[in-house]
Amino acid sequence: MEVLKEKVEEEEAAEREEAAERGEKTMRPPEVRKEEPFMTQETLRDLEKKVSEIEVAAPRRPSDIAEDAIDISKLPLSYQSNTLKEEQLLQVADNFSRQYSHLCPDRVPLFLYPLNECEVPKFVSTTIRPTLMPYPELYNWDSCAQFVADFLSVVPLSDPLKPYQKGNCFDFSTLLCSMLIGSGYDAYCINGYGSRDLCHMDLTREVCPLTIQPRKAVQEKEMAPSKKYSIKPPRDLSSRFEQEQELKKQEEIKAEEKRQLQEEEAHLKEMENAKADPLYGLRVHSWVLVLSGKREVPESFFIDPFTAHSYSTQDDHFLGIESLWNHKNYWVNMQDCWNCCKDLVFDLGDPVRWEYLLLGTDKSHLALTEEDDDGLNDDDDIENLGKEEEDKSFDMPHSWVEQIEISPEAFETRCPNGKKVIQYKKAKVEKWSPYLNSNGLVCRLSTYEDLECTKILEVKEWYQNREDMLELKHINKVTGLNIDYFKPGHPQALRVHSYISMQPEMDRTMEFYERARVDGLIKREETPKTMTEHYEGRTDFLSYRHVNFGPRVKKLAQNSAESNPRPMVKITERFFRNPEKPADEDVAERVFLIPEERIQLRYHCRDDHITASKREFLRRTEVDNKGNKIIMTPDMCISFEVEPMEHTKKLLYQYEAMMQLKNEEKLSKHQAWESELEVLEILKLREEEEEAHTLTISIYDTKRNEKSKEYREAMERVMHEEHLRQVEAQLDYLAPFLAQLPPGEKLTRWQAVRLKDECLNDFKQRLIDKANLIQARFEKETQELQKKQQWYQENQVTLTTEDEDLYLSYCSQAMFRIRILEQRLNRHKELAPLKYLALEEKLYKDPRLVEHLKVFG
């Protein structure tokens, strides 16, 4: 009734300029206005009669949908019926819907209380069940939305103009909104209109997010302050004409790429225009709104539950909003959506823009006008207003939905049936659950050259739980280049391996985790004729080694570094600066020219010098023409020293330096040969890993871990056997002796005494037999040990080392067995009398003998 009264007020206020600017869709003024005196009872009755004639039916499932067979009897009671408070809420919603249809006859009926699985009408807000999941990955909105998009499978709306069907966008939004509210976000489900691509989850016009490379932050280099007497840089002798020509080429290439892109976009627009959507602006869609404020969200945004993508509230995909709701209230959009959602203001506390269903919402209302403040000066009116609002307040019932639970198995599986395929523009993404593929593949991105996705360019594959720590495999189908990325933990500390072929002595690059290697190797580049290695953190300050190989002398069927190594022609090594040595004695680069028998050295340059010292050694034959041995001559060392020193000119110093370099040359050649062998070992290991592709399984994964499963089964067997032993211990100890008596005959005192004595004597004999058996085994082991020791004494001189090891092993085992038998015998002697007395006490208390043995007790 209040809304009907305010309708009259709205008609009167429409004559004013402010209401005229807003149009016919303006909402009622704040509810605190007083009732005008000219409002008669007859007018109210007429309006009430018109409203009662309006029929609003709950949305039903389309009849052409094949529903799953659901046993309704197994569903909770809250699914099959409504509580008293829910029935009251439905009445309020029905009244609200009738008034809305009367006031806004041009708008579609509100989506308020659809039918659930049991054909029971349920209010949409009570369908939301705020739930905080026990998985940390689902605490943030992006990972939570991605999980919902992967976990559910999309079933498009059969009728795009009706907003209800199982597995549709409303189911996605409800689940996502429940999880986001449980995580602390201010989230709402929206009933509105979206583009065809959004409603059909058509991403063929969208760029795949996996193909977008993150922008690298450009760090500006700090310019060193110029010194007063700094050296001028050398003149740039490059040709400006060549630079201009190169710049023109680059501009032409960019212009051609831009032209092709424009042609492609024009072609796409033509295709889109040819396939114009006849239902543009009418397709019903549901998505999630996250308002700013909670969880430090700086700006409100939309989330499409189908794709888990976030959009601005001004995005063109969202064409209009009818209503939105959360678990506390329901709001109807009263703003014009002629410009899609770009001009909408999401201030839910503004009753002019958003018509709410229930009072008592947590959203703040707009401030009252001065006229309203003047009209509320009377204390009685204030008291009456408080009573009226108190009477109108109605709290939202609790959700009728069961607690949302996601098992660890379902959380790990994510995708329906463990697999999901998403088609993007020139790309296709395939997702699998962990352990579904035997090689650990969980995601594959295929990039294509054309829009029809027929010519593949490259493939990226992501892996999990690999024993070889393989994380990503990048395959370029055009060039044939393969790049494998590894997580820390590979046996060879491999980080990146790029190659075209797995055959040795081919173009390849290997990068390593330097902290996991002793030699500090970071990167190794190999070609058929060269090998380059980069180091860091070595004690000898080696930073670089480059080896040039020559052609093999012998041509075998299978050439390798192990059977027929390549001859080394030149080895170049570079070193970091060693602060403990003078710069003139600290080698920066040394080159071993092996066939020419020359060694070239270049030292580090001092800070106050512009040139560095150099030295070259020439190794001649060991003897001269006359047969005399050559040790060292002045022409065997050619040097350039910035600051010459006396001791460096002496032949002894030069001879010692050359001998040391010869040894270092041998060491460098050996290290280069070991590097070749390591490459062969890594290639062989990679082939074995790719063939086996073993997966690691956590010890806590009892379903997949076979060792853990076997251990658990063994423990269960032990417990079962222990239970059987306990059952056997509780068997009737008088049964064998009672079987000797005639059946059905009553025991006499004499028979009872005889049964007791026979049972005790039998038990005593068994104890004695057990002791004798242990004693016999003890004596047998002792005799065999003595015989073995006697044999050892007799043949000690002729025994080999293996015989002595066997003898010592036998003695150790024999002593262990003897010690165990001795402990068992002693324990048996201690427990035998106690067991005998315990049995005697049981016999005296046995209900079958107790009457006859009272005298003896």
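The values are calculated or read from the model by the stated rules, or taken from the named source; none is laboratory data. Remember, it's a predicted structure, so these values are computed and weren't measured experimentally. Methodologically, a virtual Cβ is constructed for each residue, glycine included, from the backbone with ideal geometry; neighbour enumeration extends over all protein chains shown. Just so you know, the surface numbers come from the protein's heavy atoms only, side chains and all, with ligands and any DNA or RNA stripped out. Shrake-Rupley method; radii C 1.70, N 1.55, O 1.52, S 1.80 Å.
The set of residues from the stretch 80-91 being hydrophobic (A, V, I, L, M, F, W, C) and open to solvent by 50 Å² or more (accessible area, probe 1.4 Å) comprises just one member, Leu84.
Those strands (runs of 3 or more DSSP E) of the stretch 280-322 in which 2 or more residues are surrounded by fewer than 20 Cβ atoms within 10 Å (Cβ to Cβ) and under 27 Å from the mean Cα position of the chain (by Cα) occupy 309-312. Note on the stretch 582-621: enclosed strands (runs of 3 or more DSSP E) holding 2 or more residues that are more than 13 Å from Ala657 (Cα to Cα) are 587-593, 598-603. Put simply, of Lys842, Lys829 the only residue that is exposed (fewer than 14 other Cβ atoms within 10 Å of the Cβ) and either touching a Cys at 6+ places or on another chain (Cβ under 9 Å) or in contact (Cβ under 8 Å) with a residue 60 or more places away in the chain (or both) is Lys842.
Could you count how many residues in the stretch 755-800 are β-branched (Val, Ile, Thr) and either open to solvent by less than 80 Å² (accessible area, probe 1.4 Å) or assigned to a helix (DSSP H, G or I) (or both)?
Here the count works out to 4.
Looking only at residues in the stretch 431-490 that are without any contact (Cβ under 8 Å) to a residue 24 or more places away in the chain, of a type in the set (Ser, Thr, Tyr) and out of contact with any strand residue (DSSP E or B) (no Cβ under 6 Å at 6 or more places or on another chain), the one that is farthest from Glu409 (Cα to Cα) is Thr479.
Pick out the one residue from Arg725, Arg777, Arg749, Arg754 that is charged (D, E, K, R) and modelled with pLDDT under 75. Result: Arg725 is the single residue among Arg725, Arg777, Arg749, Arg754 that is charged (D, E, K, R) and modelled with pLDDT under 75.
I'd like to check something: does the stretch 537-545 contain any residue that is more than 45 Å from the chain's Cα centre (by Cα), modelled with pLDDT under 95 and open to solvent by less than 100 Å² (accessible area, probe 1.4 Å)? Checking the stretch 537-545: not a single residue is more than 45 Å from the chain's Cα centre (by Cα), modelled with pLDDT under 95 and open to solvent by less than 100 Å² (accessible area, probe 1.4 Å).
Could you list all residues from the stretch 124-136 that are more than 16 Å from Asp186 (Cα to Cα) and either touching a Cys at 6+ places or on another chain (Cβ under 8 Å) or in contact (Cβ under 8 Å) with a residue 12 or more places away in the chain (or both)?
Of everything in the stretch 124-136, those that are more than 16 Å from Asp186 (Cα to Cα) and either touching a Cys at 6+ places or on another chain (Cβ under 8 Å) or in contact (Cβ under 8 Å) with a residue 12 or more places away in the chain (or both) turn out to be Val124, Thr126, Thr127, Met133, Tyr135.
Looking only at residues in the stretch 116-135 that are under 18 Å from Val92 (Cβ atoms) and out of contact with any Asp or Glu (no Cβ under 8 Å at 6 or more places or on another chain), the one that is surrounded by the fewest Cβ atoms within 10 Å (Cβ to Cβ) is Val120. Of Glu722, Glu689, all but one fail to be touching a residue at least 40 places away in the same chain (Cβ under 8 Å) and either assigned to a helix (DSSP H, G or I) or open to solvent by 70 Å² or more (accessible area, probe 1.4 Å) (or both); the exception is Glu689.
Any residue in the stretch 729-744 that is open to solvent by 50 Å² or more (accessible area, probe 1.4 Å), farther than 26 Å from Leu831 by Cα and hydroxyl-bearing (Ser, Thr, Tyr)? The answer is no; no qualifying residue exists. Based on what the data block shows, is Ala752 surrounded by 10 or more Cβ atoms within 10 Å (Cβ to Cβ) and in contact (Cβ under 8 Å) with a residue 60 or more places away in the chain? So Ala752 fits the description; yes. When only residues in the stretch 403-434 that are open to solvent by 30 Å² or more (accessible area, probe 1.4 Å), out of contact with any helix residue (DSSP H, G or I) (no Cβ under 8 Å at 6 or more places or on another chain) and under 21 Å from Leu470 (Cβ atoms) count, which is modelled with the highest pLDDT? Checked the stretch 403-434; the qualifying residue modelled with the highest pLDDT is Lys419. Looking across Tyr844, Tyr836, one residue alone is closer than 30 Å to Phe737 by Cα, in the same structural domain as Asn761 (by the TED database), part of a helix (DSSP H, G or I) and at pLDDT below 85. It is Tyr844.
Looking for something over 22 Å from Ala672 (Cβ atoms), open to solvent by less than 20 Å² (accessible area, probe 1.4 Å) and within 27 Å of the chain's Cα centre (by Cα) - is there at least one such residue anywhere in the stretch 497-505? Among the residues of the stretch 497-505, not one is over 22 Å from Ala672 (Cβ atoms), open to solvent by less than 20 Å² (accessible area, probe 1.4 Å) and within 27 Å of the chain's Cα centre (by Cα), which makes the answer no.
If the condition is being open to solvent by 40 Å² or more (accessible area, probe 1.4 Å) and either touching a Phe, Trp or Tyr at 6+ places or on another chain (Cβ under 8 Å) or free of Cβ contacts under 8 Å to residues at least 24 places away in the same chain (or both), then the stretch 634-644 contributes Pro634, Asp635, Ile638, Pro644.
Of the listed requirements (1) exposed (fewer than 11 other Cβ atoms within 10 Å of the Cβ); (2) more than 28 Å from Asp769 (Cα to Cα), Tyr807 misses just one: (1).
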